[in-house]
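See below for the structure under consideration.
The values are calculated or read from the model by the stated rules, or taken from the named source; none is laboratory data. Since the model is a prediction, treat every value here as computed from it, not as a measurement. Note that each Cβ is placed from the backbone with ideal geometry, even for glycine, and that neighbours are counted across all protein chains shown. What goes into the accessible areas is simple: the full protein's heavy atoms, side chains included, and nothing from ligands, DNA or RNA. Shrake-Rupley method; radii C 1.70, N 1.55, O 1.52, S 1.80 Å.
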Amino acid sequence: MNFSVQPVLENEEFQLIPLQQGDFESLYEVASDPKVWEQHPNKDRYQREIFENFFRGAIESKGAFKIVEKSTGDVLGSSRYYNFDQDDNHIFIGYTFYGTKSWGKGINPQVKKLMLDYIFQFVDKVHFHIGKENYRSQKALEKLGGEKIAEEEVAYFAEPTRTNFVYEIKKENWI
């Protein structure tokens, strides 16, 4: 891999900043609401000890970001790049979550656009794991042009394995 999966990405409204150990409290403040995790495969991440594990996995991935609203400096959530496959020239984007105050405001499409515009300089396809019961995220991916291509069991970092759908966006279809 001859590219960074943790650059600083930004547009006029949002910044994706590489996640650091010192970001735990501000990110946990967003993640501590059980509603955030209702449709996610691992619904108990709002609990501090479970989120500590999730956060540790994010740090160790070396591809995770905190999502910041530039006008306020508020941390809105997190996302990451992971599982680069050099042979098939694809990478995953996922582990994305936002606090409920960010829902329905068009933030996720802007963040995904930043991530996709950047990574399509280096890969041909981007995959996304989405929990089979996470209808909100499935709809969001379909609006971005994602196509469901598979179903697989995903082994999360020190969490139970869960069934996920795999969605794909190809560089040639990205506008």
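Things worth noting here:
- Considered as a group, the residues in region 153-175 that are acidic (Asp, Glu) and surrounded by 13 or more Cβ atoms within 10 Å (Cβ to Cβ) include one that is farthest from Pro109 (Cα to Cα), and that residue is Glu159.
- Residue match in region 135-143 (condition: outside any helix (DSSP H, G or I), under 16 Å from the mean Cα position of the chain (by Cα) and under 26 Å from Arg45 (Cα atoms)): no
- Some residue of region 120-127 being among the aromatic types (Phe, Trp, Tyr), modelled with pLDDT of 95 or more and open to solvent by 30 Å² or more (accessible area, probe 1.4 Å): yes
- Region 21-44 - residue that is open to solvent by 40 Å² or more (accessible area, probe 1.4 Å) and of a type in the set (Ser, Thr, Tyr) and, of those, farthest from Ala158 (Cα to Cα): Ser26
- When region 69-98 is filtered for residues that are more than 17 Å from His127 (Cβ to Cβ), assigned to a strand (DSSP E or B) and open to solvent by 10 Å² or more (accessible area, probe 1.4 Å), the ones remaining, listed by number, are Glu69, Val75, Tyr98.
- Of all residues in region 109-118 being within 20 Å of Lys148 (Cβ to Cβ) and of a type outside the set (Lys, Arg), the one that is modelled with the lowest pLDDT: Pro109
- Here Lys112, Lys66, Lys43, Lys101 are screened, and the one residue that is assigned to a loop (DSSP other than H, G, I, E, B) and free of Cβ contacts under 8 Å to residues at least 60 places away in the same chain is Lys43.
- Given (1) in a loop (DSSP other than H, G, I, E, B); (2) touching a strand residue (DSSP E or B) at 6+ places or on another chain (Cβ under 9 Å); (3) among the hydrophobic types (A, V, I, L, M, F, W, C), number of the condition Ala158 does not satisfy: (2)
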